[in-house]
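Engineer: Got a structure for you, written out below as structure tokens; questions coming shortly.
The values are calculated or read from the model by the stated rules, or taken from the named source; none is laboratory data. Quick caveat: nothing in here was measured; it's all calculated off a predicted structure. Cβ atoms come from the backbone with ideal geometry, glycine included; neighbour counts cover every protein chain shown.
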Amino acid sequence: MAYFSISNSTVSGFGSSQAPISGAYKTLCCVAASTQAAVVAPGLRRGKLYDILIGTNGTPADNYMEFAVQRATITTSGSAWAGSLSSGSSAMALDLADQAMEGFTGVNSSNEGQVSLAATPTPWYIGINQRASYRWVAAPGSELIYPAQSSATGQNGLVLQARSGGYTGTATGNIFVQEQ
Amino acid sequence: MRNPGGYAVVTSPEPVTVRLDGLRCEEIAAGISEFDTFTCCHCNCVVHVRPRDREEFFCRSCMKRICSPCANYPCMPFLKKLEHAEARGEALRSYGFDERK
């Protein structure tokens, strides 16, 4: 099992610039099962999201913001995304000695067409003032899990999204994932 | 709460209202506010628990905590749903439909 940190920071080595927040959900980070990299057969791996950090890095003001982790069918083609993506990469590994990530990761999507949200309960949601920051850490066994299946079969990943009716700056998101 | 399934912390420079889990709003003071959480065994949703809150739902089939929206539905553990979903993909591949992406 390998551990990864996926941040929408532009200095993380992948991803385009942070997308401005608007009234529609914008994807900060995503992770999905994929055979795109197929470093090790069979490629599809289940994953567990165990840590979420959110905040904003724009000018401080009083705006209501909503952050959510949602289950999604994520088109796992790097060329389909606005930001460059990394798959089969060890760039996000917490321990560089671990195996590279088998799954698919994306940050700073400015085109939500690649994310097809599922009509299922939102696994994690918080509505919060723009000035506040938040962190959630799961105890072992209580993580958010995504299945080891492809996007053609069904929901294959989790996305961290943000939206606001008033705030138009950028938001930060960081998720920690354990790949099985 | 006893044996929480997680821990959440909100850091705010001023008192704010937080909407948790899409179910309830809560006023929190300036500074650091902490919440215990648990993850619903049936839908895999994170639920923030109020301090000293005794209201919780418990599935007596899988003997785990569940969220209030899942309380009126029969027991179907989330891991079982995942196994069904993954088995479908495996079956399709075994039939020769290579639907991997």
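Engineer: Pick from A:130, A:161: which is surrounded by 24 or more Cβ atoms within 10 Å (Cβ to Cβ), under 23 Å from residue B:36 (Cα atoms) and in contact with a Ser or Thr (Cβ under 7 Å, 6 or more places away or on another chain)?
Structural biologist: On the way: A:130 fails: surrounded by 24 or more Cβ atoms within 10 Å (Cβ to Cβ).
Step by step, each of A:130, A:161 is checked, and only A:161 is surrounded by 24 or more Cβ atoms within 10 Å (Cβ to Cβ), under 23 Å from residue B:36 (Cα atoms) and in contact with a Ser or Thr (Cβ under 7 Å, 6 or more places away or on another chain).
Engineer: A further question on this structure: In this structure, does residue A:164 turn out to be more than 7 Å from every other protein chain (Cβ to nearest Cβ) and in contact with a strand residue (DSSP E or B) (Cβ under 7 Å, 6 or more places away or on another chain)?
Structural biologist: Values: more than 7 Å from every other protein chain (Cβ to nearest Cβ): yes; in contact with a strand residue (DSSP E or B) (Cβ under 7 Å, 6 or more places away or on another chain): yes.
Taking the combined requirement at face value, the residue satisfies it.
Engineer: Where the second residue is basic (Lys, Arg) and the first is facing another protein chain (nearest Cβ under 8 Å) and lies in the range B:74-92, which pairs have Cβ atoms under 9 Å and are six or more apart or on separate chains?
Structural biologist: B:82/A:46; B:86/A:46; B:89/B:100
Residues checked against (1) modelled with pLDDT of 90 or more; (2) assigned to a loop (DSSP other than H, G, I, E, B):
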position: B:4; (1), (2): no, yes
position: B:22; (1), (2): no, yes
position: B:38; (1), (2): yes, no
position: B:42; (1), (2): yes, yes
position: B:54; (1), (2): no, yes
position: B:75; (1), (2): yes, yes
position: B:90; (1), (2): no, no
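Engineer: Same structure, new question: Find all pairs meeting these conditions: Cβ atoms under 9 angstrom apart; at least six residues apart or on different chains; first residue within the range A:60-71 and over 15 Å from residue A:172 (Cα atoms); second residue acidic (Asp, Glu) and surrounded by 18 or more Cβ atoms within 10 Å (Cβ to Cβ).
Structural biologist: Close Cβ pairs (under 9 Å, with a partner that is acidic (Asp, Glu) and surrounded by 18 or more Cβ atoms within 10 Å (Cβ to Cβ)) do not exist here.
Engineer: Could you say which residue among A:105, A:153, A:120 is in a loop (DSSP other than H, G, I, E, B) and surrounded by 19 or more Cβ atoms within 10 Å (Cβ to Cβ)?
Structural biologist: On the way: A:105 fails: in a loop (DSSP other than H, G, I, E, B); A:120 fails: surrounded by 19 or more Cβ atoms within 10 Å (Cβ to Cβ).
Criteria check complete, one pass: A:153.
Engineer: For the range A:162-177: of the residues being over 15 Å from residue A:30 (Cα atoms) and in a strand (DSSP E or B), which is farthest from the chain's Cα centre (by Cα)?
Structural biologist: So, considering only residues that are over 15 Å from residue A:30 (Cα atoms) and in a strand (DSSP E or B), the one farthest from the chain's Cα centre (by Cα) is A:164.
Engineer: Residue A:97: free of Cβ contacts under 8 Å to residues at least 24 places away in the same chain and facing chain B (nearest Cβ under 7 Å), yes or no?
Structural biologist: Answer is no for this residue.
Engineer: Quickly run through the range B:4-60 and pick out the residues that are of a type in the set (S, T, N, Q) and more than 8 Å from chain A (Cβ to nearest Cβ).
Structural biologist: Matches in the range B:4-60: B:33 only.
Engineer: Within the range A:1-81, considering only strands (runs of 3 or more DSSP E) that don't extend past its boundaries, which have at least 1 residues that are within 13 Å of residue A:101 (Cα to Cα) and either at pLDDT 85 or above or within 14 Å of chain B (Cβ to nearest Cβ) (or both)?
Structural biologist: Numbers: elements: A:2-7, A:26-32, A:47-56, A:64-74.
Fully inside the range A:1-81 and qualifying: A:2-7, A:26-32, A:47-56.
Engineer: Out of the range A:103-117, which residues are modelled with pLDDT of 80 or more and touching a Lys or Arg at 6+ places or on another chain (Cβ under 8 Å)?
Structural biologist: A:103
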